[in-house]
Every structure is written in C-alpha cells, then in structure tokens.
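Peer 1: To start, I am sharing the structure in question, which I have written as structure tokens.
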Amino acid sequence: MTDQVEELIKEIAAKHGIAVSRDDPILILQTINARLMQDSAKAQQAMLDQYKEELEALALRWGNDAKTKAERILNVSLAASKDAAAKLMQEGAKEAAASVRGEIDVALRRVAGPVRDARRISALNVAASCITCIAAAIALWAAVH
C-alpha cells in the first residue's frame with residue numbers, strides 16, 4: 001500500500017505539477033477508493049464462483065438428462081429393430097416353407113404317375129394271381145373228378 005501511495009504522489013506531481021504530502025486529504029480518497037475496489041473485486045469474484053457452480057450444476061443435470069434421453073431412444077430403437085428382425089425372420093420362414101412346399105408338390109407330382117402305374121400293375125398282378133388260382137382250382141377239380 002505504501003508503494004501505491006508513493007506512486008500516486010509521483011504521478012500527481014508529474015501530471016499536474018502539484019506536490020502532495022502523505023497526510024493530504026486527497027490520498028484518503030484514494031485509500032477509500034482502493035479499499036472499495038478490493039471489496040468490489042472480492043464480491044464480484046464470489047458472485048463469479050457462485051455462477052460457475054450453478055453453471056456446472058446445470059451442465060451436470062443437462063448431461064444426465066441427455067444421457068437418460070439417449071438411453072431411452074436407444075432402448076426404443078433396439079426394441080424396434082428386434083421387432084423388425086422378428087418380422088423379417090417370420091417372413092423368411094414363411095417364404096422358405098412355401099418354397100419347400102412347392103418343391104414337395106413338384107416331387108409328389110413326379111412320383112404320382114409311377115405310383116399310379118405301380119398300383120395298376122399290382123392290381124393286374126392280383127387279378128392274374130386270382131385267375132391263376134382259379135385255373136389251378138379248376139384243373140385240380142377236373143383231375144380229381
């Protein structure tokens with residue numbers, strides 16, 4: 001503080017050409033002004049610190065809110081993608097079943113003709129066997145009588 005007073009006395013002398021002593025009332029004003037400036041600076045620093053704390057609290061709250069909303073959005077997106085995947089899998093399964101059914105139908109149509117022919121042949125074989133049995137029975141009856 002003494003250095004400030006000495007510097008002030010020198011500055012007044014240099015600028016205004018007036019010699020001021022240490023007990024001059026103008027220096028009392030300078031001391032009061034310096035004290036008010038210090039008190040004001042401390043008060044402003046305290047307000048800035050409080051404002052900084054409030055901003056940090058707001059930033060933290062906003063960050064948490066953003067994180068919560070992002071998690072909600074992510075969960076909704078995940079659920080939607082699971083539903084979409086399930087629908088696609090179901091459609092794929094239906095298409096695969098239809099394709100397999102179509103191939104089985106084609107294979108059955110290919111086999112149906114030979115199966116009909118085999119049935120006819122087996123029916124003819126049964127008829128021929130019956131006729132052979134009847135002929136054998138007639139021959140046996142004729143040989144016995």
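Values in this text are rule-based calculations from the coordinates and carry no lab data. This one's a predicted model, so the numbers in the text were calculated from it and none came from an experiment. In this analysis, Cβ positions are derived from the backbone assuming ideal geometry, glycine residues included, and neighbour counts consider all displayed protein chains.
Peer 1: To the nearest 10 degrees, how steeply does helix 2-16 sit against the main Cα axis of the chain, on a 0 to 90 scale?
Peer 2: 70
Peer 1: Please give the Cα centre distance for the range 1-65 versus the range 129-145, rounded to the nearest Å.
Peer 2: Between the Cα centres of the range 1-65 and the range 129-145 lies a distance of 142 Å.
Peer 1: What are the extents of the Cα atoms of the chain along their three principal axes, in Å, largest first?
Peer 2: Taking the Cα atoms of the chain, the three principal extents are 176, 25, 18 Å.
Peer 1: Most mobile of Thr31, Thr132, Thr68 per a Gaussian network model of the chain (Cα springs, under 10 Å)?
Peer 2: Judging by the Gaussian network model, the answer is Thr132.
Peer 1: Still on this structure, I have one more. From the mean inverse distance of alpha carbon pairs (Kirkwood) and the Cα radius of gyration, derive Rg over Rh for the range 1-75. Walk me through the numbers on the way to the answer.
Peer 2: Details: Rg = 25.3 Å, Rh = 16.7 Å.
In the range 1-75, Rg relative to Rh is 1.52.
Peer 1: If the cut-off is 20 Å between C-alpha atoms, which aspartates and glutamates fall inside it for Lys10, apart from same-chain ones fewer than 8 positions away?
Peer 2: Answer for Lys10, where 20 Å is the Cα cut-off: Asp23, Asp24, listed by chain and number.
Peer 1: Are there trypsin sites (Lys or Arg not before Pro) in the range 1-44 that DSSP marks as loop and that have at most 15 other Cβ atoms within 10 Å, and which are they? Can you show the working numbers first?
Peer 2: Working: sites: Lys10, Lys15, Arg22, Arg35, Lys42; in loops: Arg22.
Counting only loop positions with at most 15 other Cβ atoms within 10 Å, the trypsin sites (Lys or Arg not before Pro) in the range 1-44 are Arg22.
Peer 1: Which lysines does Lys52 reach when only Cα atoms under 27 Å apart count, and residues fewer than 8 places away in its own chain are ignored?
Peer 2: Reachable lysines: Lys42, Lys67, Lys69.
Peer 1: Per the helix-only calculation at 222 nm, which mean residue ellipticity applies to the chain, given -39500 (n - 2.57) for every DSSP H run of n ≥ 4 and division by its residues, nearest 500 deg cm²/dmol?
Peer 2: On the way: 2 runs with 135 residues, N = 145.
Computed mean residue ellipticity for the chain: -35500 deg cm²/dmol.
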